[in-house]
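All remarks here apply to the structure that follows.
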Number of protein chains: 4
Amino acid sequence: MSSTYGTKVKISIFGQSHSEAIGVTLDGLPAGFGIDMEELQMFMDRRAPGKSKYSTPRKEADQPEFLSGLVGDVTCGAPLTAIIRNTNTRSGDYDNIRDIPRPGHADYTAHVKYGGHEDVSGGGHFSGRLTAPLCIAGGICKQILAAVGITVEAVIKEIGGNSEDPYSAIDEARAAGDSVGGIIECTVTGMPIGVGEPMFDGLENKVAQAVFSIPAVKGIEFGRGFDAARIRGSENNDEFYFDGGEVKTRTNNHGGILGGITSGMPVVFRVAIKPTPSISIEQNSISYAKGEDAKLAVRGRHDPCIVPRAVPCVEAAAAIVIYDLIR
Amino acid sequence: MSSTYGTKVKISIFGQSHSEAIGVTLDGLPAGFGIDMEELQMFMDRRAPGKSKYSTPRKEADQPEFLSGLVGDVTCGAPLTAIIRNTNTRSGDYDNIRDIPRPGHADYTAHVKYGGHEDVSGGGHFSGRLTAPLCIAGGICKQILAAVGITVEAVIKEIGGNSEDPYSAIDEARAAGDSVGGIIECTVTGMPIGVGEPMFDGLENKVAQAVFSIPAVKGIEFGRGFDAARIRGSENNDEFYFDGGEVKTRTNNHGGILGGITSGMPVVFRVAIKPTPSISIEQNSISYAKGEDAKLAVRGRHDPCIVPRAVPCVEAAAAIVIYDLIR
Amino acid sequence: MSSTYGTKVKISIFGQSHSEAIGVTLDGLPAGFGIDMEELQMFMDRRAPGKSKYSTPRKEADQPEFLSGLVGDVTCGAPLTAIIRNTNTRSGDYDNIRDIPRPGHADYTAHVKYGGHEDVSGGGHFSGRLTAPLCIAGGICKQILAAVGITVEAVIKEIGGNSEDPYSAIDEARAAGDSVGGIIECTVTGMPIGVGEPMFDGLENKVAQAVFSIPAVKGIEFGRGFDAARIRGSENNDEFYFDGGEVKTRTNNHGGILGGITSGMPVVFRVAIKPTPSISIEQNSISYAKGEDAKLAVRGRHDPCIVPRAVPCVEAAAAIVIYDLIR
Amino acid sequence: MSSTYGTKVKISIFGQSHSEAIGVTLDGLPAGFGIDMEELQMFMDRRAPGKSKYSTPRKEADQPEFLSGLVGDVTCGAPLTAIIRNTNTRSGDYDNIRDIPRPGHADYTAHVKYGGHEDVSGGGHFSGRLTAPLCIAGGICKQILAAVGITVEAVIKEIGGNSEDPYSAIDEARAAGDSVGGIIECTVTGMPIGVGEPMFDGLENKVAQAVFSIPAVKGIEFGRGFDAARIRGSENNDEFYFDGGEVKTRTNNHGGILGGITSGMPVVFRVAIKPTPSISIEQNSISYAKGEDAKLAVRGRHDPCIVPRAVPCVEAAAAIVIYDLIR
């Protein structure tokens, strides 16, 4: 098990969907940084459920309680820990999942890995709910980055293949008792040149490692990405030029990263989010107890699409990686 | 700088394109494993240049010399180090690159990061040549995996957008003094269920981290990948069923990984390789010395397409990750 | 900052003496282990203050509250987090320390490192109070080790140079408004042969790294330790012999470790604890504000000797290291 | 197995006593540092055998061959690898050790750990010879530290209990076919204030972890060390005072480290080296083959005392740790 990330800033996420609390420890923050708590809450709210008709009606405050690492709202150099108490949980909703794993979910792989001791309720540690502490960590890193002129912003590019009117794809899926995924694009501006390393610790390597921590992510591409595999070098190569004293490239097919290292151009990457696996439509699965095939109808509250709520999570993952690199 | 990967097996790659030697240390191999040297050489040969008309005419033996870690051909528990001497290097080819960085290459980012002290010749530590030690490490890991029934195999899916006759795309690019990229698909069979971790150390996270160490990789997707973002949950969810006593899924849109953990289905991922940045066509760049825009014509020996030689590299990266996880 | 330890089991400690709470996350525990909560509390109580006349009168329940990682009292494979709320804190006691650092304490070094943003109250993150979460982690590891026949036990060897009647040395120091340190010996039995690695990750290296996390530790020695530097090889070498089918050594000058690796003999090490720096006697120090020398009289509640309370902490540190190695 | 150290500068040591070569990779050195090769060789020579009557007559050049990481003698940002070819090895000397492990050596623990596949010749990876690549790494780090005013110097405090005339203790041991150990003291001056972290990554923790990588080290103490356990707080606490604008302490019982963090006073630690286990005197051991007790007479070339040659190794270990922290 490893819910720990980072070299200079170590981030350790804990909690299950229905445990007493979920939370995060950030070990390595600078001393003396004043956290803007209102801004952090606004960032958390972008991820929180129950905020719009496009997300699950489960209502949660998702308000971090800080246990350590601060004097007032200012970091003191000690590890910062924040938790969110779990409330409004209805474990009964998950009774049938104890025996019948949801297709597309981690239920089955967790069942085998943890020998049946996994916390089934709400998906346990595999729940999308664990992206809340990710957002606490990422929200703080975003503030520190902003203070040095680095911004991290993600947007929805398409949902269910629809880039014109993405939300209508959600409405249609909901009406059908089904779900949809989508594509999120994240842009980082203000990056200093020279951040990242060759080979295993390049910026692409690290962003990819962090972004795949968000449940439902199945792909990532930087700059022109998969499309670059289909064009020629003469088109894909980004020409350098002087813009005043600054070196820039006329295009940004490289997505701001060459050889794992930032070029000073915006870092751009896209993330593929699969459709939410929990759907109302009855599905074929298996029963552990009976050792035979079984039908499953997932009950309870589920988003038909988590893409809108995943947007701040992608920002959070990117912010954590970048801050760890420039710390 | 970090050319080191792994937790239980630490892999440390060193060397520049034109340094005395390139090589790799594997720290954490099991004692008592007999390396099949002939098989390893055959694996290395798949990556080696000069083997066909589709790769650079620079001829290299790429024969590993083992400095430590073996008694005979059998691992002894001590770190294993193997090197390849660099010969047949023509540094003069790179004289103009000292002043004018190649578009699409790491020349410029390395120049800024290392303050002008970078080894320019042949791309230095950023050269594709550094995938040779990656293949030594990966080739050994592949053999150890094969001994427990795990196979790692990659194939070319398309080159320059051409999936029917990929090699003709290379011929056309070469004729034009240009280059092309492509897409490689890798499949791992025989994986035990339960390998990988939730969140940051999932199998997707780790494979992605390792695969982006191969120069020119700009994207990765698992299972149905980006396409999953365009279909509904009812289609994307892979139904579980019993096949004899074994749990399987009827489709494999999840690419063998759920919640970062293997399901026992084949692990499948695809990698986007950008076109080789070094092309004969004159390009626009800058001159550090003059502080103004400049033209660059890249001389010397260059592949019009590195996709065929990247196939064993993708296998190597996957093998390293998987062996580190199951060690 | 790094309050994180471990490779296979990552332990992350957080909190300050007077923050909302202190706590610990263990990431990598096996699923399905039932924690004996009563036994854990008894272990915590050995470290807790206010239990005897030999420790500070500050009374704390030191009862862990588990936030995650359990279903009932059984580990579920997710990271386990436990916290202890801080109560009964009297920050006013530390007002003068804000300006005048205590000799022998981390007050001054933390002040410089964190630029004056450090949490002064109670020593902040440097407080001996942070050994409580260390003991939560270590107490759980001890239970898992005990289940496979490995016991970790520490005892007081001497206090203030007195090995005959160690507690009388405490009484004398207290009467003088002074403090004393001492030496603790820890023995690990039931170790499998072959645990540990050569060079940097040997068992000695790792135990030393962990034990120096306990505030006030200034030395560690294994087996015959410093005394071995004063005898000849013929005396120090431990002869091997067969005891039934088992290989043993007749003496244990090597402290159960040869080449960083366990020999199957008991692992034995001793730890030097300096006298508690907080004493009632007036001391010479400096004033940050005045930029000149100043007198300091430390007020508040302080142990004249922390050696008795450090005993379970040494066990905890050893247990964490050993479990991380055999996991 | 883990012969890898470091966070910002990763050091990976490889080789066996009688393998083709031994060597080291440093990943993370700054680009643009010119290595003084003559000074490095002089540092290596302090460790090399055959230099005086006090060390083994095996003569080795111990001259590093640099494979990568340099352009000329200047670091280029890529991982630096240097090797030393093994020559003048007489494997025949170790034939009996294949069956009869040397008391006090890692022969037996390696035999169990590596299932009989360990490289027996010359102690394999456990040989003191592996401190040569440690000294390459440490020698380079020492030069980088010196450039910023940090010096690392170790001296012999006593040998065989003799602090007045340490070398005479060696002569006596040699005459008796026996061996002796001793104590080395290392002092680091010019340390910036604030280096190191609380808890697990304190400077004491890290120096201890690194120093125990030197074979034969059995203890370490900082500042007043074990002796501090025998005095009172009023004596052990080091008073702060202003010396001009600088804060200093009048005594240095804390060895330059408080709370894991440097105070600006010299860092001082002492290391206990056990007597060389290889002695001419016949010893009792066991025979693996016969499964019974056996006599062993160690043949070949062996130092009666490795303390003089360990002095630069202690400096090297300290230099590596400190440079990794301040990088």
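Some notes on this structure:
- Condition check for A:Gly190: modelled with pLDDT under 95 and more than 8 Å from chain B (Cβ to nearest Cβ): no
- Qualifying residue in the stretch B:229-237 (condition: touching a residue at least 12 places away in the same chain (Cβ under 8 Å) and surrounded by 24 or more Cβ atoms within 10 Å (Cβ to Cβ)): yes
- Single residue of the stretch B:254-263 satisfying the filter (facing chain A (nearest Cβ under 8 Å) and in a loop (DSSP other than H, G, I, E, B)) that is most open to solvent (accessible area, probe 1.4 Å): B:Gly259
- Among (1) surrounded by 23 or more Cβ atoms within 10 Å (Cβ to Cβ); (2) within 22 Å of B:Asn237 (Cβ to Cβ); (3) within 11 Å of chain B (Cβ to nearest Cβ); (4) not β-branched (Val, Ile, Thr), the one test that A:Gly161 misses: (1)
- Test: residue in the stretch B:116-132 that is facing another protein chain (nearest Cβ under 7 Å), free of Cβ contacts under 8 Å to residues at least 24 places away in the same chain and either open to solvent by 10 Å² or more (accessible area, probe 1.4 Å) or outside any helix (DSSP H, G or I) (or both): yes
- Top-ranked residue in the stretch A:303-327 [being within 11 Å of another protein chain (Cβ to nearest Cβ) and surrounded by fewer than 24 Cβ atoms within 10 Å (Cβ to Cβ); ranked as modelled with the highest pLDDT]: A:Leu325
Table: residues versus (1) modelled with pLDDT of 95 or more; (2) closer than 19 Å to D:Met191 by Cα; (3) in contact with a helix residue (DSSP H, G or I) (Cβ under 8 Å, 6 or more places away or on another chain).
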{"position": "D:Tyr114", "(1), (2), (3)": "yes, no, no"}
{"position": "D:Gly123", "(1), (2), (3)": "no, no, yes"}
{"position": "D:Gly128", "(1), (2), (3)": "no, no, yes"}
{"position": "D:Pro133", "(1), (2), (3)": "yes, no, no"}
{"position": "D:Ile136", "(1), (2), (3)": "yes, no, yes"}
{"position": "D:Gly139", "(1), (2), (3)": "yes, yes, yes"}
{"position": "D:Ala146", "(1), (2), (3)": "yes, yes, no"}
{"position": "D:Val152", "(1), (2), (3)": "yes, yes, yes"}
{"position": "D:Val155", "(1), (2), (3)": "yes, yes, yes"}
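- Boolean, C:Gly300 is part of a loop (DSSP other than H, G, I, E, B), open to solvent by less than 40 Å² (accessible area, probe 1.4 Å) and at positive phi: no
- One residue alone among A:Ile286, A:Ile279 is within 9 Å of chain B (Cβ to nearest Cβ), part of a strand (DSSP E or B), open to solvent by less than 10 Å² (accessible area, probe 1.4 Å) and within 25 Å of A:Gly122 (Cβ to Cβ), and that residue is A:Ile286.
- For the stretch B:8-37, the tally of residues that are more than 19 Å from A:Pro198 (Cα to Cα) and touching a Leu at 6+ places or on another chain (Cβ under 9 Å) stands at 6.
- Scan of the stretch C:176-187 for residues that are more than 8 Å from every other protein chain (Cβ to nearest Cβ) and not small (Gly, Ala, Ser), ordered by number: C:Ile184, C:Glu185, C:Cys186, C:Thr187
- Members of the stretch C:136-183 that are of a type in the set (Ser, Thr, Tyr) and within 19 Å of the chain's Cα centre (by Cα): C:Thr151, C:Ser179
- Of the strands (runs of 3 or more DSSP E) that lie entirely inside the stretch B:144-244, those containing 1 or more residues that are of a type in the set (A, V, I, L, M) and in contact with a strand residue (DSSP E or B) (Cβ under 9 Å, 6 or more places away or on another chain) span B:151-159, B:182-189, B:217-222.
- Residues satisfying the stated conditions in the stretch C:193-205, i.e. within 7 Å of chain D (Cβ to nearest Cβ) and not aromatic (Phe, Trp, Tyr): C:Ile193, C:Gly194, C:Glu197, C:Pro198, C:Met199, C:Asp201, C:Gly202, C:Glu204, C:Asn205
- Scanning the stretch A:228-252 for residues that are closer than 22 Å to B:Glu221 by Cα and more than 8 Å from chain B (Cβ to nearest Cβ) turns up just one, A:Asn252.
- Among the candidates C:Val211, C:Val188, the residue that is out of contact with any Cys (no Cβ under 7 Å at 6 or more places or on another chain), under 21 Å from C:Thr4 (Cα atoms) and open to solvent by less than 10 Å² (accessible area, probe 1.4 Å) is uniquely C:Val211.
- Scanning the stretch C:217-228 for residues that are on the phi > 0 side of the Ramachandran plot and surrounded by fewer than 24 Cβ atoms within 10 Å (Cβ to Cβ) yields a total of 1.
- Of all the criteria given as (1) more than 10 Å from chain B (Cβ to nearest Cβ); (2) touching a helix residue (DSSP H, G or I) at 6+ places or on another chain (Cβ under 7 Å), the one not satisfied by A:Lys274 is (1).
- Among (1) touching a Phe, Trp or Tyr at 6+ places or on another chain (Cβ under 6 Å); (2) open to solvent by 10 Å² or more (accessible area, probe 1.4 Å) - the single one C:Lys295 does not satisfy: (1)
The values are calculated or read from the model by the stated rules, or taken from the named source; none is laboratory data. Keep in mind it's a predicted model, so treat the numbers as computed, not measured. Neighbour counts run over all protein chains shown; Cβ positions are idealised from the backbone, glycine included. Quick note on the areas: whole protein, heavy atoms, side chains included, nothing else; ligands and nucleic acids left out. Shrake-Rupley method; radii C 1.70, N 1.55, O 1.52, S 1.80 Å.
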